[in-house]
Amino acid sequence: MKRHQIEGNILTPAGWVRGTVRFSDRIQSVEGEAVREPDGELPAILPGFVDLHVHGGGGADIMNGAQAVITTSRMHARHGTTSMLATTVTAERADLEWVFNDIGPAIQQRESGCARVLGIHLEGPFINGEKLGAQPAFIRQGDMEEVLALHQKAPIRVMTLAPEMEGHLEFIKALRSAGIIPQIGHTAGSYENGVAALEAGACGCTHLFNAMTGMYHRAPGMVAAALAHAEYSEIIPDLLHVHPGAIRTALRAIPKLYCVTDATAGAGMPDGTYTLGTQTLTKCGGGVRLADGTLAGSTLTMDDALRNLVSIGLTLADATHRVSTFPAQYLGLEDRGQIQAGCWSDLVVMSPALQLVNVFVEGESIDLKDA
């Protein structure tokens, strides 16, 4: 593996350092002077972005198998995502089994130029039909036998489910025992359902505010359960799914609120028609929608997510924690999402204007020419 060194404002777990990072596939050293704020003349060296909710990109839909995973992970790497979860949608069991079987090898072996795929986020099929959003309607009750059969084909790291469905509190406990992180999402449940799910072992919400019961002062809903009790939750900061004021509210309430793209095949592509599982989407006006106008994932990339957070008032360090450090911590990863000796060399270099200069995935420099 080639040895590199880059200089600039380095965001470390202890704060900013003006100095040099030396690395091959792993970071060898971080040397320099601790500073309170980054030098505005130098590039910012940040931990690579970690996206735990990605349906597609570059015209590819994860539900189409291994080549789609490679295309998606290559496109997102060019926008600073160095590791990600390939995210499936609600589908019939046979279709999910085919997808898992096909993409298993793409998870085991990272292709050159691509982000590392850490596993799968299974979004559905164990969700509530009243809050499908853009999910196809192949919903069913939680089935641990089905989950474990899929898990043997490719590792499930995160699962979205509706906790109010019959038997799902015990389902949450079984998922935790199997090493799978359960998240609350696509749910018509109450505040009380949410609190019970978090107490049973659920770890936060999928795309907070979207496809769940909202907050009303006499019926606080699932949103309030997350705001009052969750340590983590994901949110889509494309400034289309969630108003900046709601994002800032969640930032004050949820200590480790982290960002996802929920990107679909239209990410990185021109306006047009794309797919999400069995659904047909139209990309137009910076978003993707079903024919009835329902938002259907996003076209967001993580470099834009970072810039959006800074635009609504977050510091660069705080924004970086929410696109890198917190999602890595959520998965229990100690060697990603931070810049210190021994960690994987997942690095993003940005200009003072927050434009991408370079991206390294496990020490490999990514070609940004099509970003």
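Nothing in this text is a laboratory measurement; each read-out follows from the coordinates by a stated rule. These numbers were taken from a predicted model, which means no experiment stands behind them. Methodologically, a virtual Cβ is constructed for each residue, glycine included, from the backbone with ideal geometry; neighbour enumeration extends over all protein chains shown.
Shape of region 11-73 from its Cα gyration tensor (a ≥ b ≥ c, root eigenvalues): rounded if a/c is under 1.5, otherwise prolate when a/b > b/c, or oblate? The partial results should precede the final answer.
Working: a/c = 3.58, a/b = 2.59, b/c = 1.38.
Prolate, because a/c is 1.5 or more and a/b exceeds b/c.
Can you give me the angle between helix 144-153 and the longest principal axis of the chain, using Cα atoms only, in degrees from 0 to 90, rounded to the nearest 10? Tilt of helix 144-153: around 30 degrees. Against the main long axis of the alpha-carbon atoms of the chain, helix 93-108 sits at an angle near 10°.
To make sure I understand, if each residue's beta carbon is the centre and we count other beta carbons within 10 Å, what order do V195, V69 fall in, fewest to most?
Arranged by neighbour count, lowest to highest, V195, V69 become V195, V69.
Measure out, as a whole number of angstrom, how far apart the alpha-carbon centroids of region 199-222 and region 234-248 sit. Here the answer is 15 Å between Cα centres. When DSSP beta bridges are restricted to pairs lying wholly in region 48-337, around 30% turn out antiparallel. Which of A224, A174, A91 moves most in a GNM of the chain, Cα contacts under 10 Å? It is A174.
Restriction of the trypsin sites (Lys or Arg not before Pro) in region 1-93 to DSSP coil positions whose beta-carbon has at most 12 other beta-carbons within 10 angstrom yields K2, R3, R36. Shape class for region 48-337: rounded, because the ratio a/c of the largest to smallest gyration tensor axis (alpha-carbon atoms, square roots of eigenvalues) is under 1.5. Label positions at A174 and D318, each projected 7 Å from the Cα along the C-beta direction, are separated by 4.2 nm. Label-to-label distance, C284 versus H217, with points set 7 angstrom from Cα along the beta-carbon direction: 4.0 nm.
Comparing T71, T249, T160 in a Gaussian network model of the chain where C-alpha atoms under 10 Å apart are linked, the largest mean-square fluctuation is found at T249. Given springs between every Cα pair under 10 Å in a Gaussian network model of the chain, which of P136, P182, P125 has the largest fluctuation? Ranking P136, P182, P125 by mean-square fluctuation puts P136 first.
What relative contact order, as a whole-number percentage, does the chain give when Cα pairs under 8 Å and 6 or more residues apart are counted?
Values: 953 pairs, mean separation 80.1, N = 371.
Computed value for the chain: 22 percent relative contact order.
Using the Cβ of T264 as centre and a radius below 10 Å, the other residues enclosed give a net charge of -1, where K and R count +1 and D and E count -1.
One decimal place: the segment R22-E199 gains 59.4 nm when fully extended, by the rule 0.36 nm per residue minus the C-alpha distance.
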